[in-house]
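Scroll down for the structure; my scribbles are underneath it.
The values are calculated or read from the model by the stated rules, or taken from the named source; none is laboratory data. In this text the structure is predicted, and so the values were computed from the model without any measurement. So basically every Cβ, Gly included, is an ideal-geometry build from the backbone, and we count neighbours across all protein chains shown.
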Amino acid sequence: MHPNLRSFLGLLRREKDLVSVDTEVDPYLELAEVHRRVIAQGGPAILFKRVKGSRYPVVTNLFGTAKRIELAFGPKPEQFVKELVSVAEALLPPQRSELWKHRSLVRDFLKLGTKTVSRGAVTEVIDSPGRLDELPVLTTWQEDGGPFLTLPLVYTENPLTKKHNLGIYRMQVYDRESAGLHWQIQKGGGFHYHAAEELNQPLPVTVFLGGPPALMISAIAPLPEDVPELVLASLLQGQKIKMVSSPTGGHRLVAEAEFALAGHAQPHERREEGPFGDHYGYYSLQHHYPVFHCDAIAHRHDAIYPATVVGKPRQEDFFIGDYLQSLLAPLFPLVMPGVRDLWSYGETGFHSLAAAVVRERYTREALVAGFRILGEGQLALTKFLVLTDTPLDLHDFPRVLEHVLARVLWERDFFIFSNTSMDTLDYTSGKVNEGSKAILMGLGEPVRELPREFRGELPNGFRRAEVFCGGCLVVEGPPYLDEPDLGARLAGSDVFAEWPLLILHDDAAVARSSSDFLWSTWTRFEPAGDIYAAETRVVRHHLAYQGPIVIDARKKPSLPDELIVRDDIAALVDRRWREYFPKGL
């Protein structure tokens, strides 16, 4: 498809899916708010031609609609993955006729990987030493610890095996030559840094900005460790990724990138990073992370700086995540044979909630599949996993939840696992990287009729109740600090005995929107700390629950502040809107 960012922008112009902003825009808060409003309207990609304090233009919202993702990659990658899966299934055992039928795959395989070329646009200008403070780096939320690179393609190699990793890890710019490296748990770059630290040697790091759209998407993909992202990038692009030798030594550079920041991370060096307004819709807090030292910057003479803005879903990363799930979904049954379908919900930040259709060919096989999912790469960070053995459209969460609630036997099919790892950005446990997980299964035939209307009288202290779906009632209560144990009282009330699942919220109105319900529920509770049952017994060392089950999704003191646009920035963008878009979007 597109060999570089310029090619993609050219197509977006022809499709009238790119708008230029000619007036000067401040990278401190203003630009991000313009971006957020455009993406909320399903608007086009945005090229900011004049960014205060920098000579480089900024492009955002490249992948903020399903249409633009289709324009970036077309149908070929998904077709290739599906054919690859069918071949893998058909060629066991190998048959000459089947091999011949799929001979086109051989040609596609020859296009995978990288190739070295003699010249690349990224080396047109070499700035040595590199100046990070000359880049138009965005500050996207007012409580952020500083400006952040939000689309850095961070390339590292394992110092022992030389296998590479390409990932997007936010980078807080501290000064002209250093930036934070937000290597969370379960991230390949972090594993490489750990290996370098054990050798007590610096880790070479190259940060690409821009380049082929396929490169940007591949850096986000949740591939298993040691599966090369550059191979996925070449699959999406339909040709090998061109690489060029670096004039300053070190890693090869992506020839068609806009920028390449060459540097290193010293062993045993940490610096405070954050806060940062993150994709869960809250600030992630300050923690110590490794430091990138920039030695040189290679770039095109007319380089364009790509950026994104994250926050409460749905933002640009939501559309990228959904595309990657659709692309990779056919591979799940190959990697995890008991899993027929799998979907993580972007409205919850992806790691907070996933659902899967699994096989139940023998008793409790579904649970085996659940453990397999929770042991697979970044899926291991899933907080709450819903399982069924009935093929369903997993995108339709209300239907999935209804199906499971009609079948779950709480004493047998609900599991909470304490003292596990958890996504670094999820603060619901009050700790970093630590928390709990839950598996909820609804298998076989229904065991109950689900209530769909609440007619009872609310107990004292509860304000109102609204139905989210059959069997799930959202109950509004007082703030958490007024009555922290309200969840236990709710679970024990006879008024709600017929409801399998109760969600305790600060505002019951979230039940009216699936997106609001998903976000405000699954980003605000931790299974081991915030789930209650009418009764809990220990049977053969298993916790057997009796419904109703209550999830306390009220805001807790441990939860960081929600992302809210500062009033003066909102007023500024209101006032200048016609300056940005004199002809409208």
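May I ask you to list the residues in the stretch 289-315 that are within 24 Å of residue 183 (Cα to Cα), part of a loop (DSSP other than H, G, I, E, B) and small (Gly, Ala, Ser)?
Residues satisfying the conditions are 307, 311.
Going through the stretch 331-379 one residue at a time, which ones are within 12 Å of the chain's Cα centre (by Cα) and at negative phi?
344, 345, 346, 347, 348, 351, 352, 353, 378, 379
Take residue 558 and tell me if it is out of contact with any Pro (no Cβ under 6 Å at 6 or more places or on another chain) and at pLDDT below 95.
Yes: the conditions hold for residue 558.
Quickly run through the stretch 29-41 and pick out the residues that are over 17 Å from residue 583 (Cα atoms) and surrounded by fewer than 17 Cβ atoms within 10 Å (Cβ to Cβ).
Of everything in the stretch 29-41, just one residue is over 17 Å from residue 583 (Cα atoms) and surrounded by fewer than 17 Cβ atoms within 10 Å (Cβ to Cβ), namely 40.
For the stretch 29-78, give me each residue that is in a loop (DSSP other than H, G, I, E, B), modelled with pLDDT of 95 or more and under 15 Å from residue 2 (Cβ atoms).
Within the stretch 29-78, 62, 63 qualify.
Pick from the stretch 440-452 the residues that are assigned to a strand (DSSP E or B) and either at pLDDT below 95 or out of contact with any Lys or Arg (no Cβ under 7 Å at 6 or more places or on another chain) (or both): which of them is farthest from residue 388 (Cα to Cα)?
It comes out as 440.
Could you figure out which of (1) within 21 Å of residue 525 (Cα to Cα); (2) surrounded by fewer than 17 Cβ atoms within 10 Å (Cβ to Cβ); (3) hydrophobic (A, V, I, L, M, F, W, C) isn't true of residue 497?
Going through the list (1) within 21 Å of residue 525 (Cα to Cα); (2) surrounded by fewer than 17 Cβ atoms within 10 Å (Cβ to Cβ); (3) hydrophobic (A, V, I, L, M, F, W, C), residue 497 breaks only (1).
Output the residues belonging to the stretch 110-124 that are among the charged types (D, E, K, R) and part of a loop (DSSP other than H, G, I, E, B).
Across the stretch 110-124, the qualifying residues are 111, 119, 124.
Can you tell me which residue is surrounded by the fewest Cβ atoms within 10 Å (Cβ to Cβ) among those in the stretch 506-556 that are within 17 Å of residue 491 (Cα to Cα) and of a type in the set (Phe, Trp, Tyr)?
Top of the filtered list is 532.
Could you identify the single residue in 550, 538, 495, 510 that is farther than 30 Å from residue 309 by Cα and in contact with a helix residue (DSSP H, G or I) (Cβ under 6 Å, 6 or more places away or on another chain)?
Going through 550, 538, 495, 510 in turn, just one is farther than 30 Å from residue 309 by Cα and in contact with a helix residue (DSSP H, G or I) (Cβ under 6 Å, 6 or more places away or on another chain): 550.
How many of the residues in the stretch 344-392 are within 13 Å of residue 443 (Cα to Cα) and charged (D, E, K, R)?
Number satisfying all stated conditions: 6.
Select, from 33, 15, the only residue that is closer than 20 Å to residue 150 by Cα and not β-branched (Val, Ile, Thr).
33
Among the helices (runs of 4 or more DSSP H) contained in the stretch 453-571, which hold 1 or more residues that are among the basic types (Lys, Arg) and within 25 Å of the chain's Cα centre (by Cα)?
none
Pairs under 7 Å by beta carbon, first residue of a type in the set (Phe, Trp, Tyr) in the stretch 154-171, partner modelled with pLDDT under 95 and surrounded by fewer than 22 Cβ atoms within 10 Å (Cβ to Cβ), six or more apart or different chains?
155/164; 169/187
Which numbered condition trips up residue 404, out of (1) in a helix (DSSP H, G or I); (2) surrounded by fewer than 17 Cβ atoms within 10 Å (Cβ to Cβ)?
(2)
Which residue out of 388, 382, 428 is hydroxyl-bearing (Ser, Thr, Tyr), assigned by TED's automatic domain parsing to the domain that holds residue 357 and under 22 Å from residue 500 (Cα atoms)?
Exactly one of 388, 382, 428 is hydroxyl-bearing (Ser, Thr, Tyr), assigned by TED's automatic domain parsing to the domain that holds residue 357 and under 22 Å from residue 500 (Cα atoms), namely 388.
Kindly indicate the residue of the stretch 322-339 that is aliphatic (A, V, I, L, M) and in a helix (DSSP H, G or I) and also modelled with the highest pLDDT among those meeting that condition.
324
If residue 155 satisfies every condition in (1) out of contact with any Ser or Thr (no Cβ under 6 Å at 6 or more places or on another chain); (2) more than 17 Å from residue 308 (Cβ to Cβ) but one, which is the exception?
Unmet condition: (1).
Restricting the search to the stretch 297-356, which residues are in contact (Cβ under 8 Å) with a residue 24 or more places away in the chain and of a type in the set (D, E, K, R)?
300, 312, 314, 316, 317, 322, 340, 341, 347
In the stretch 340-382, how many are assigned to a loop (DSSP other than H, G, I, E, B), crowded, with 24+ Cβ neighbours inside 10 Å and touching a Gly at 6+ places or on another chain (Cβ under 7 Å)?
So the count comes out to 1.
Considering each of 388, 363, 382 in turn, give the residue that is more than 21 Å from residue 187 (Cα to Cα) and at pLDDT 95 or above.
It is 388.
Identify, please: which residue in the stretch 440-482 is among the acidic types (Asp, Glu) and in contact with a helix residue (DSSP H, G or I) (Cβ under 8 Å, 6 or more places away or on another chain) and is, among those, surrounded by the most Cβ atoms within 10 Å (Cβ to Cβ)?
If we take residues in the stretch 440-482 being among the acidic types (Asp, Glu) and in contact with a helix residue (DSSP H, G or I) (Cβ under 8 Å, 6 or more places away or on another chain), then 476 is surrounded by the most Cβ atoms within 10 Å (Cβ to Cβ).
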